[in-house]
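Participant: Sharing a structure, written as structure tokens. Questions coming.
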């Protein structure tokens, strides 16, 4: 009976910690992807001589400027908007505790 109680207490402590760690991990991975997209967009704009304010699509920068077998995706299920030159890319995932934004 005591063993079951101890396991219950440990589980009550461990599960919330695991969920917080998972949320932070997803946030950090998404922000890293957003930085890659922002850097690739700036390199693309410089090479193509595109002025600030001009729109850029993911197909413009991937796969030539963003490495990877597939285009970057949000690990939490959000979608990326590359946006215009001079602006930060955005993620559609909404999480008040762990925002996915640069």
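Participant: Tell me, which residue of region 68-81 that is assigned to a loop (DSSP other than H, G, I, E, B) and free of Cβ contacts under 8 Å to residues at least 24 places away in the same chain is nearest to residue 25 (Cα to Cα)?
Facilitator: Keep residues of region 68-81 that are assigned to a loop (DSSP other than H, G, I, E, B), which gives 68-79.
Then keep just the ones that are free of Cβ contacts under 8 Å to residues at least 24 places away in the same chain; that gives 68-71, 77, 79.
Numbers: 68: 20, 69: 22, 70: 20, 71: 19, 77: 14, 79: 17 Å.
Looking at the filtered set, the residue picked out is 77.
Participant: Looking at 49, 41, 28 in this structure, which one is surrounded by 11 or more Cβ atoms within 10 Å (Cβ to Cβ) and out of contact with any helix residue (DSSP H, G or I) (no Cβ under 8 Å at 6 or more places or on another chain)?
Facilitator: Only one candidate passes the filter, namely 28.
Participant: Among residues belonging to region 82-102 that are within 19 Å of residue 61 (Cα to Cα) and touching a residue at least 60 places away in the same chain (Cβ under 8 Å), point out the one that is surrounded by the most Cβ atoms within 10 Å (Cβ to Cβ).
Facilitator: My answer is 91.
Participant: Restricting to region 42-55, what's the tally of residues that are out of contact with any strand residue (DSSP E or B) (no Cβ under 7 Å at 6 or more places or on another chain) and either assigned to a loop (DSSP other than H, G, I, E, B) or without any contact (Cβ under 8 Å) to a residue 40 or more places away in the chain (or both)?
Facilitator: 9
None of the figures in this text is laboratory data; all of them are computed from the coordinates on show. Here the structure is a predicted model, which is why all the values come from computation and not from measurement. Cβ atoms come from the backbone with ideal geometry, glycine included; neighbour counts cover every protein chain shown.
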